[in-house]
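**Student:** Before anything else, here's the structure in question.
The values are calculated or read from the model by the stated rules, or taken from the named source; none is laboratory data. Just so it is clear, the model here is predicted, and its values are computed rather than measured. Quick reminder, even Gly has a Cβ in these numbers, built from the backbone with ideal geometry, and neighbours come from all protein chains shown.
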Amino acid sequence: MDIPFLLQGLTLLLGFYMAWNIGANDVANAMGTSVGSKALTLKKAVFLAAILEFSGAFFVGSSVSETIQKGIIEPTIFQADPMVFVLGMMGSLLATGVLLQIASYFGLPISTTHAIVGAVIGFGAAIGGMDAVYWGEVGWIAASWILSPVLSGIVAYFIFLLIQKKILYAIDPMEATRRLAPFFVFLCFNIVTLSLFYNGLSQLDLDFPLPFAFSISCGVSLGAALLSYKWIGRSHAASEILESGFHPAQAVSLEKALHHMQRVHLSNRSEAHAGKIAQILSDVRDLSSAVKKDSPFHHSSAHYHGVEKTFVFLQILSACLVAFAHGANDVANAIGPVAAVLGVLKTNAIASHSAIPSWLLALGGAGIVIGLATWGWRVIETIGSKITELTPTRGFAAEFGAAATILLASKLGLPISTTHALVGAVFGVGMARGLKALNLQTLKEIVASWLVTIPLCAILSIAMFYILKFFFL
C-alpha cells in the first residue's frame, strides 16, 4: 500500500470535513442576523453565502492560511521525523472537525479559529515540547480574540446609534434614510472592492498598487452609492405635509421633556422655585397630552416600516460583506494544516513555507458552502433570534461592525474569531437598546462554550494523533 498517497487522500478528506463543519457552524455568523431579521430566507442566505464565502476564501484566504500552517508551531523541530508532524496536523483537523460537529448539533456558535489553534498548540506542545510553540505569536492571536468582539461591538454600537439618531428619531425617517443609506452602501462596497484589488487577486496573478486599487474601489463604491440613492428615491413615497396637528416626533420629544421635568420636580429642595417648577410641569403634562391626541402615529408607523424595508436591502449587502470576510479569514482553519501536510508528503521534508494552491482554496470554499447548506440552520437560529431581537436596521449595524473588523484582520494575516466578532457586534446593538434587550442566559452559554473550546480541542488533538500514529507508524 502506498502510505504517502493514502495519507494525501485522507488529509484532503479531513480538510473537506473540517471545512464542512466550518460552514455548518461559522457561516451562521454571516447569515444568522439576516435570517433572524427576516431580511433573507434560509434558501436565499445559502445561495448568497455560496458565492461570497467562496470568493472570500479563493481571493483573500491565503494570508491567514499561511499563519495557521507556520505561525503557531515551529515545524522544523519535527524535521527528524516529518511523519510525526503530518499525523499531528491530521489529528488537529480531525479533532477540530469532531468538536465543531458536536457544537453545531447543539446549536452553539463556537469559534473554529479557537478550535484549530487550540488543536495545533496541543499537538505541538505535547509532541514537540513547549519550545515547539510560538508563544509570542499565540499571545498576539489570543489578544485579537479579545479585541475582535470588543472592536466589532463598538463599531456596531455606534453605527446603530447613528441610525437611531439620524433616521429613527428624524422628523421624516424615510427622507433621512434616503440621505444616509448611500453612505453605508459606499462603505460596504469600498471595503470589499479594496480588499479585492489591493493584494486580493494574487490567485489570478494580478497585483495593483494601493493608489490604483483605492481609486478603482472609490469609483465602484461611488457608482453603487449613486444607484442606491436613485433606487431609494423612486421607492420613497413623498412625506405627507401635515396641514394640522403635530408630527409624532414632537410627541416623543415632549414625553422626554416631561420625564426630565418630573425628575427636576422630585429632586428640588428650593421652596422659592417649587411653585414655578410645579406650574411648568403641569403645563408640559397638559401640552404632552394634547399633542399625543393630535399626532398621527399611524403616519409614523408607516414611515418606520418603509425604513426597515429599505434596510432589508442594506442588510443583505452587509450579509454579503460578512460572508466574504468570513470566507477570507476562516477558510485558513481548514486549508492551513492541509497545505502543510501536503507539502511534507510531497518533499518528505518540513519547509518553513508551503504554497497555498488555488485548487486547495477552492476545495475549502466548497466545503464551507456545503456545510452551510446541510447543517447551518442550527446555529443560524441561535445567532439570529436567541441573543437579541433583530430588525433589518439592527442586523445591518451588527453585520457591518463584524465585517469591518474581520476583513481588517484578514489583511493583517490575523486568524481572529469570526464568531466572537459577530456575537460581539450583536451584543453591541443590544446594548444600544439597553441591557434588558439582551438574552443574558444565551450569552452565558455561548461564552462558556468559548472557554472550553481550546482545552478540549488540545486534548482531542493529542488523542487523535496517537490513534493515527497507531495505524500509520
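**Student:** Name the residues in region 261-272 that are surrounded by fewer than 12 Cβ atoms within 10 Å (Cβ to Cβ) and either outside any loop (DSSP other than H, G, I, E, B) or not assigned by TED's automatic domain parsing to the domain that holds ASP286 (or both), would you?
**Tutor:** Correct list: ARG263, LEU266, SER267, GLU271, ALA272.
**Student:** Only residues that are small (Gly, Ala, Ser), modelled with pLDDT of 85 or more and either touching a helix residue (DSSP H, G or I) at 6+ places or on another chain (Cβ under 6 Å) or more than 17 Å from GLY97 (Cβ to Cβ) (or both): list them for region 429-470, please.
**Tutor:** ALA458, SER461
**Student:** If I ask for residues that are over 31 Å from the mean Cα position of the chain (by Cα) and not aromatic (Phe, Trp, Tyr), which ones from region 76-100 would you list?
**Tutor:** Selection gives THR76, ILE77, GLN79, ALA80, ASP81, PRO82, MET83, VAL84, VAL86, LEU87.
**Student:** Looking at region 8-25, which of its residues are in contact with a helix residue (DSSP H, G or I) (Cβ under 6 Å, 6 or more places away or on another chain) and hydrophobic (A, V, I, L, M, F, W, C)?
**Tutor:** LEU14, PHE16, MET18, ALA19, TRP20, ILE22, ALA24
**Student:** Quick one: count up the residues across region 101-135 that are within 15 Å of ASN333 (Cα to Cα), under 21 Å from the mean Cα position of the chain (by Cα) and buried (at least 22 other Cβ atoms within 10 Å of the Cβ).
**Tutor:** Here the count works out to 9.
**Student:** Still on this structure: Out of LEU187, LEU222, LEU194, I need the residue that is in a helix (DSSP H, G or I), assigned by TED's automatic domain parsing to the domain that holds PRO173, under 26 Å from the mean Cα position of the chain (by Cα) and modelled with pLDDT under 80. Which one?
**Tutor:** Result of the check over LEU187, LEU222, LEU194: LEU194.
**Student:** If the requirement is being modelled with pLDDT under 80 and within 30 Å of THR112 (Cβ to Cβ), which of these qualifies: VAL291, VAL331?
**Tutor:** VAL331
**Student:** State which residue pairs qualify: first residue of a type in the set (Asp, Glu) and inside region 38-59, second residue crowded, with 22+ Cβ neighbours inside 10 Å in any location, beta carbons under 6 Å apart, and separation of 6 or more residues or different chains.
**Tutor:** Listed by first residue and then by second, the contacts come to GLU53/ALA323; GLU53/GLY327; GLU53/ILE368; GLU53/VAL369.
**Student:** What are the pairs, 6+ residues apart or on separate chains, where a residue within region 84-95 that is in contact (Cβ under 8 Å) with a residue 24 or more places away in the chain has its Cβ under 7 Å from a residue that is crowded, with 24+ Cβ neighbours inside 10 Å and among the charged types (D, E, K, R)?
**Tutor:** If the second residue must be crowded, with 24+ Cβ neighbours inside 10 Å and among the charged types (D, E, K, R), no pairs are left.
**Student:** Looking at THR393, is it part of a helix (DSSP H, G or I), modelled with pLDDT of 70 or more, in the same structural domain as VAL185 (by TED's automatic domain parsing) and not acidic (Asp, Glu)?
**Tutor:** Here the answer is yes, as THR393 does meet what is asked.
**Student:** Could you check LEU363 against (1) modelled with pLDDT under 85; (2) out of contact with any Asp or Glu (no Cβ under 9 Å at 6 or more places or on another chain); (3) within 24 Å of VAL46 (Cβ to Cβ) and say which number it fails?
**Tutor:** Single failed check for LEU363: (1).
**Student:** If a residue must be closer than 20 Å to ALA170 by Cβ and at pLDDT 80 or above, how many such residues does region 244-288 contain?
**Tutor:** 1
**Student:** Residue check: is GLN203 modelled with pLDDT under 60 and in a helix (DSSP H, G or I)?
**Tutor:** Spelling it out, GLN203 is indeed modelled with pLDDT under 60 and in a helix (DSSP H, G or I).
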